[in-house]
Amino acid sequence: MIKQILSEFPLTDVPTERTVTEEKIRKYAYTKDEVDALIDTAVERAVAEAKRIDKESMAKHNRDATVISMILGFTTLALFVDGLLRMLGIIPPFMDLDVNILERIETDIIDRIKQVPIQRILQSGFR
């Protein structure tokens, strides 16, 4: 049984040292010019593939960065407008944080106008 398994065991076709002859070596041997041409072709292919991959990866990066920038910009603008509208009193306070400055400005201006005698302003304006 073991002899049968060993006899049917697949063997490789790779030549061993005993079967390699000078004739086979010369048959498959390359010249220096042929090797240089093969290397140049391989380098050109590798460089072309690297450039293609670089273009594709940069395009993907630019697209992703643009989307992220748009999201951040829109969020920042929305928060800025929200804060501005809350300061002007158009939007009601959030969590009892009253940042409305319009009422304070109105009361300050009215108080200062009351302090100035109108008669002096009217008299100095007509001279």
**Study point:** The lone exception for I25 - which of (1) more than 20 Å from the chain's Cα centre (by Cα); (2) modelled with pLDDT of 95 or more; (3) among the β-branched types (V, I, T) it fails
**Key:** (2)
Revision key, fill the gap. Conditions (1) at pLDDT below 85; (2) under 54 Å from the mean Cα position of the chain (by Cα); (3) of a type in the set (A, V, I, L, M, F, W, C) -> V20 fails only (2)
Review point. Taking segment 85-106, which residues are modelled with pLDDT of 75 or more and in a helix (DSSP H, G or I)?
Key: L85, R86, M87
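The values are calculated or read from the model by the stated rules, or taken from the named source; none is laboratory data. Model, not experiment: these values are computed from the prediction.
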